[in-house]
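Report on one structure; see the data block that follows.
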Amino acid sequence: PFTVYCLLFTVYRLQKEGKMPIKKVKMNNGIEIPLLGLGTYAITSQTDVENALSAAFEAGYRLIDSAAAYNNEKQIGKAIKKSNVPREEIFLTTKLDNWDHGYDNALRAFDESLKNLDMEYVDLYLVHWPITGKRKETWKAFEKIYKEGRAKSIGVSNYTVRHLIELLDNAEVIPAINQVELNPFCYPKEILKICKENNIIVEAYTPLARTHKFMHPLIKEMTQKYNKTPAQVLLRWGVQHDAVVIPKSSRRERIFENADIFDFEISEGDMETMNKLDENLRSSEDPNEIE
Ligand code: NAP
């Protein structure tokens, strides 16, 4: 009952006090990205998409993370149009599907995504996974799309150190973002390091570890110490690693709860203790191990 009370109080407070100020960070191309966005994996029906986006916009979210592979671009495009939020306020991401690598394929797939979204541009276009043999050609297509202004920023996802080194050796445009699986239980330090050195912002997917570790004793201890929920502690950990976090929820009260992370700070000591939770826990494949 106490947790339910806390959540209802959060929704009430956020609604009463207005939208949460979600901080932004500048990417290497000078464009700002909000530090918190809404993940949309597995939100597919028009009603669910509209309800989730409407709650997210109300809670102050402006970043929406989609992908061709999620089969929800059309629904998201419609939901954005139906909302009262001006397009220029929204930061919309979509991703290239694995089957669409290669120069011509990537250009065609991007056109298809824009058509599905019914938009003139996206804010961020990501290579969803590093596919062997096609990565360099694909990135050339991304650079063209970027130069044409049809994607305001371009980036990659699931790129490990070796994929990034290969890309940086060949790229004309440095990726603005690398979206990777990141939470205290999956903490690829070497990727964070190379991204920082090259001014690439890390975006944390599965930042809640899909709730699997909410009952971990250390997470429970942190919730009591900071008077926050497990989701808020995990998201705050990501933000304090300078990562953009994109938790997925289709539930209004959780969407509000996940946005309430900018009024507390985890101490340096507690961050270090949480860092030690890393066990390479994966919800997606480990990109180190697939080709
Ligand atoms: P996640 O955000 O770590 O966890 C989502 C799960 O947590 C859902 O089951 C959700 O259920 C639940 N949840 C959300 N907020 C909660 C809260 N406050 N309390 C309790 N439960 C809560 O996992 P994810 O969906 O894998 O990752 C987030 C986003 O990252 C995806 O949606 C997608 O946009 C992106 N992603 C990208 C890649 C990639 O390869 N680039 C891979 C995976 C994910 P309800 O919906 O029922 O609330």
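The values are calculated or read from the model by the stated rules, or taken from the named source; none is laboratory data. Keep in mind the model is a prediction, meaning the values are calculated, not measured. Cβ coordinates were reconstructed from backbone atoms using ideal geometry, including for glycine residues, and neighbour counts include every protein chain displayed. Remember, those area values only see protein heavy atoms, side chains included, never the ligands or the DNA or RNA. Shrake-Rupley method; radii C 1.70, N 1.55, O 1.52, S 1.80 Å.
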Exercise for the section: Using a 10 Å cut-off on Cβ atoms, rank the peptides 147-155, 238-246, 272-280 from the highest mean neighbour count down. Expected result: 238-246, 147-155, 272-280
Practice task
Largest first and to the nearest Å, give the Cα extent of the chain along each principal axis.
Solution key: 55, 43, 31
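From the square roots a ≥ b ≥ c of the eigenvalues of the alpha-carbon gyration tensor of region 225-291, which class results: rounded (a/c under 1.5), prolate (a/b over b/c), or oblate? Write out the running numbers ahead of the final one.
Details: a/c = 2.35, a/b = 1.25, b/c = 1.87.
It is oblate, given that a/c is not under 1.5 and a/b is not larger than b/c.
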Exercise for the section: May I ask you to give the percent of accessible area on the chain that is carbon plus sulfur, with a probe radius of 1.4 Å? Expected result: 50 percent
Completion exercise
One would report the antiparallel percent of DSSP beta bridges in the chain, rounded to the nearest 5, as 15 percent
Exercise for the section: Based on a Kirkwood Rh over C-alpha pairs, give the Stokes-Einstein translational diffusion coefficient of region 38-160 at 37 °C and viscosity 0.692 mPa s in µm²/s. Expected result: 227 µm²/s
Practice task
Could you tell me how many degrees, from 0 to 90 and to the nearest 10, lie between the Cα long axis of helix 135-147 and the main elongation axis, the longest principal axis, of the Cα atoms of the chain?
Solution key: 80 degrees
Problem - Overall Cα dimensions of region 184-267, principal axis frame, Å, largest first - result: 36, 27, 25
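What translational diffusion coefficient, in µm²/s and rounded to a whole number, does the Stokes-Einstein relation yield for region 34-99 at 4 °C and a viscosity of 1.567 mPa s, taking the hydrodynamic radius as the Kirkwood radius over Cα pairs?
The calculation lands on 110 µm²/s.
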Handout entry: 0 to 90° range, to nearest 10: angle between helix 217-226 axis and the chain longest Cα axis
Key = 70 degrees
Fill in the blank from the handout: Label model pair residue 286, residue 31: point-to-point distance (7 angstrom along the Cα→beta-carbon line) in nm is 3.4 nm
Problem - Tilt relative to the chain, helix 161-170 - C-alpha long axis, 0 to 90 degrees, to 10 - result: 40 degrees
Practice task
Mark the label point 7 Å from the Cα of residue 81 along Cα→Cβ and return the residues of region 114-147 whose backbone N is within less than 16 Å of it.
Solution key: 114-122
Completion exercise
Over 32 Å (Cα to Cα) among 23/220; 82/140; 147/276; 152/228; 81/144 -> 82/140; 147/276; 152/228
Problem - Cleavage-rule hits, trypsin sites (Lys or Arg not before Pro), region 20-115, DSSP coil, Cβ neighbours within 10 Å at most 14 - result: 23
Practice task
Rounded to whole Å and ordered largest first, report the semi-axes of the equivalent ellipsoid of region 128-276 derived from its Cα gyration tensor (root of 5λ).
Solution key: 32, 16, 13
